[in-house]
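FYI, it's all coordinate maths here, none of it is from the lab. In this text the structure is predicted, and so the values were computed from the model without any measurement. Positions of Cβ are generated from backbone atoms using ideal geometry, with glycine treated the same way; all protein chains shown enter the neighbour counts.
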Amino acid sequence: MTIVHQQARGSAYTHLARWGRAFVLSLALVAAAGSTATADPVSERRGGTPDFGPNVTIFDPSMPVEQIQATLDATHAKQVDNEMGTTRYAYLFKPGTYGTADKPLQIKVGYYTEVSGLGASPTDVVINGKIEVYNRCLNNAGPNCIALVNFWRTLSNLSLNINAKGQDGCRSSANFWAVSQAVSLRRLNIAGGGLSLMDYCTDGPQYASGGFIADSKLPATTNGSQQQWLTRNSEVASWSNGVWNQVFSGVVGAPDDSAFPTPPYTTLENTPVSREKPYLFVDTKGKYNVRVPSAAKGTRGITWANGMTPGRTIPISDFYVAKPGDSVHTINAHLALGKHLLLTPGLYDIARSIQVLWPNTVVLGLGHATLTAVRGATPLEVADVPGVVVAGVTIDAGLQESPVLLRVGKRHGWGWSSPSNPTTLSDVYFRVGGPHVGKTDTALEINSDNVLIDHTWVWRADHGVEGFTDTQRWNTNTGRKGAVVNGDNVTATGLFVEHFQQYNTTWNGENGTTILYQNELPYDPPTQADWMNGNVEGYAGYKVGDKVRNHTLYGGGVYVFNQNNPQIHTENGFEVPQTPGVKLNHIMTVNLSAGIIDHVVNGVGDAADMTKIGQPVYIKQYP
């Protein structure tokens, strides 16, 4: 591991001295935990199946297809409309083949559900059948079957041989995956038919607002009505259609982007910085491990083409396997001792921060494990150290305002980071409101250098079960800032930030890179006076700090839908310093039906107003 000393923040000796003090504090924490730190059940049961709790189901190929089908159907029936619910599930498949040509396995994936293979390679688990998400038909007057709220589900690490036996003719040609934000497809090998990112059979096609694919080998793919999508480090046989931003980074077979914006493709030959998400697998001896892929630069294509994904293997016995109800005191004691953390599916009330102190620590959530702030806590704090990986975790604001929901590094911290071993956030999602009242000043704050954000949705809720009108929501579900990046050399691949009450994204660090940015401005400012940045009308959806000299964005969109007050103006979708080192490529604004964005960036570009509903205003490059 290379330790990089950034910006003359002190000598290596100073770093080690400070780290030594942190270690002493860690030992004190463990001592304080005392008998509260319960025995690790995984350590007691080495060689057997770990106790992942009641909401993780592990299938093996000896089980009858009918039994597996019934189990998955029952969960989908419970989760298909459970958008703001509290239940979480993970379904894991041991290596082998499931389903046949005559008895295909037809899986439908609902809210807060993860379906993943347990192979070392995606080819180790083969499912003959389909794994799908359809338009959701909402319970109100008239047909309203849409994919715009199909959030929070995961599919990864398996091969899918598409078999539509028994389905109607409309669904026979493709596997449907009609989703929007907080949904990832990773490490997939799909063959035997097409992949459609829209459902054109259920009162369709209707718009969807996804999405993300990484490290996957894909058949002919129809984007269709998807408004924005990022495909990273994959192979695709072909790609058709696209509504607004369709971004490809390090993808073999990606479409050419020379005619932008018709079609609206943005294509990077290689991904500048990447690290695939950690994954659970069973080795040839039947033991459970977590594979942690290495970070890499200038990558293209899948990581598993020539064998196991490069990286390190951590036995599950090196993890503290947490369950809802475990105290943060206990979790922190295990982390301080050098354990990694696996969060099993469920909701965790967090009244004091989970503290990740050691470099190279892995925090992995299964089944959309959710940390909810209690009494204004910051649920997760990551020290200013290299190589930490946080993946598969959702973080909710609570009833009392938190200063931040996830903080990586302290402001003016130690500066201990590594370009070759970036701290990485993969499929980490944030919510302010929705299932309950939520309040935070900032959702995600990055202070460390050399951090990789690999797919996140940072969401202040525009709808939920709290029972508020939109005007009430503005003063009740409060979130001022979405993502704030203060560290240098931070890369984001798939940055979705929506509805915050000031700047949705503020980027103050140097040498930042964003590949696909999607933003909706808040729906609910009651008046123009509520949506003012000093004397400026509104806050840009993407703000690069005035002192920044180097920053690059590829494929960005800011959308407006001021449904509370359609007369509200936002001066610019993007606001950046005017300097040659700050470059925005393929950006746009669009009006969804109400409100006005006067310009795309820095006073340049036509207005996205109500005379151009659904018609993007594009700028190919700025400056």
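The dipole here belongs to the chain: it is taken about the Cα centre, uses +1 on the Cβ of Lys and Arg and -1 on the Cβ of Asp and Glu, and is about 1520 debye.
Taking the number of Cβ atoms within 10 Å of each Cβ as an exposure proxy, the fewest-first ranking of F496, F319 is F319, F496.
Dipole of the stretch 318-476 computed with +1 at Lys/Arg Cβ and -1 at Asp/Glu Cβ about the Cα centre; of G325, N450, G387, farthest Cα towards the positive end is G325. Here the stretch 335-622 is treated with +1 on each Lys and Arg Cβ and -1 on each Asp and Glu Cβ, and its dipole about the Cα centre works out to around 560 debye.
Backbone geometry of the stretch 332-340 corresponds, through the Karplus equation with coefficients 6.51, -1.76 and 1.60 at θ = phi - 60°, to 3J(HN,Hα) couplings of 5, 4, 5, 4, 5, 7, x, 6, 7 Hz, x marking Gly and Pro.
Straight-line reach from K481: taking Cα to Cα under 17 Å and skipping same-chain neighbours fewer than 8 places apart, the lysines in range are K439, K543. Positive end of the charge dipole of the chain (Lys, Arg +1 and Asp, Glu -1 on Cβ, about the Cα centre): tell me which of G482, A70, L342 has its Cα farthest that way. Selected residue: L342. Couplings 3J(HN,Hα) of the stretch 353-358, computed from phi: 5, 6, 10, 9, 9, 8 Hz, in residue order, whole Hz [Karplus 6.51 cos²θ - 1.76 cosθ + 1.60, θ = phi - 60°; x for Gly and Pro]. Farthest toward the positive end of the dipole of the chain, out of I107, G464, N128, is the Cα of N128, where the dipole comes from beta carbon charges about the Cα centre. For the chain, the relative contact order is 8 percent, taking Cα pairs closer than 8 Å that sit 6 or more residues apart in sequence and dividing their mean separation by the residue count.
In this structure, T49 and A77 have a Cβ-Cβ separation that, at R0 = 25 Å, corresponds to a calculated FRET efficiency of about 0.40.
A simple spin-label model places pseudo-atoms 7 Å from Cα toward Cβ; at H329 and N535 they are separated by 5.6 nm.
Legend: translational diffusion of the chain by Stokes-Einstein, Rh = Kirkwood radius over C-alpha pairs, 25 °C, 0.890 mPa s; D = 100 µm²/s. Using a simple spin-label model with pseudo-atoms 7 Å out from Cα toward Cβ, D318 and A101 lie 4.4 nm apart.
Estimated at 0.36 nm per residue, the fully extended path between C170 and N144 surpasses their Cα-Cα distance by 7.5 nm.
Set against the 2.2 N^0.38 Å expectation for a compact globular protein, the stretch 335-622 has a Cα radius of gyration ratio of 0.97. Under 5 Å between amide hydrogens, built in the peptide plane, is the criterion, and for V404 it picks out D441, T442 among residues at least 5 positions away or on other chains.
Its DSSP H runs of at least 4 residues, each contributing -39,500 (n - 2.57), put the calculated 222 nm mean residue ellipticity of the chain at -3000 deg cm²/dmol, to the nearest 500. In this structure, the amide hydrogen of N175, modeled 1.01 Å from its nitrogen in the peptide plane, lies closer than 5 angstrom to those of G194, L195, S196, counting only residues at least 5 positions away or on a different chain. Among 89-101, 393-405, 423-435, 360-372, sorting by the average number of other beta carbon atoms lying within 10 angstrom of each residue, highest first, gives 423-435, 360-372, 393-405, 89-101.
The slack in the chain from A351 to T123, taken as 0.36 nm per residue of separation less the alpha-carbon distance, amounts to 77.9 nm. Looking only at the stretch 267-368, where both bridge partners belong to it, what percent of the DSSP beta bridges are antiparallel (to the nearest 5)? Approximately 65 percent, going by the DSSP bridge assignments.
Be a star and scan the stretch 350-386 for residues whose amide nitrogen sits under 16 Å from the point 7 Å along the Cα-to-Cβ vector of Q400. Only 350-354, 372-380 pass the distance filter. For the pair N475 and A220, label points projected 7 Å from Cα toward Cβ lie 5.6 nm apart.
Among beta bridges identified by DSSP and lying wholly in the chain, the antiparallel ones come to about 15 percent.
For K78, the lysines whose Cα falls under 22 Å of its own Cα, not counting residues fewer than eight places away in the same chain, are K108, K130, K323. Bridgeable lysines around K287 (alpha carbons under 17 Å apart, same-chain partners fewer than 8 residues away excluded): K94. From the Kirkwood radius over Cα pairs of the stretch 56-270, Stokes-Einstein at 25 °C and 0.890 mPa s returns a whole-number translational diffusion coefficient of 141 µm²/s. Note on A237/Q578: beta-carbon distance plugged into 1/(1 + (r/R0)^6) with R0 of 51 Å gives a FRET efficiency of 0.75. Using a cutoff of 8 angstrom between alpha carbon atoms and counting only pairs six or more residues apart, the relative contact order for the stretch 335-622 works out to 10 percent. Put in line by how crowded their Cβ is, counting other Cβ atoms within 10 Å and starting with the fewest, D168, D60 read D168, D60.
Filter the cross-link list K103/K277; K297/K547; K277/K410 down to pairs whose alpha-carbon distance in this structure exceeds 30 Å. In this structure, K103/K277 lie more than 30 Å apart at Cα.
Here the extension length gained between T611 and D60 equals 192.7 nm, from 0.36 nm per residue of separation less the Cα-Cα distance.
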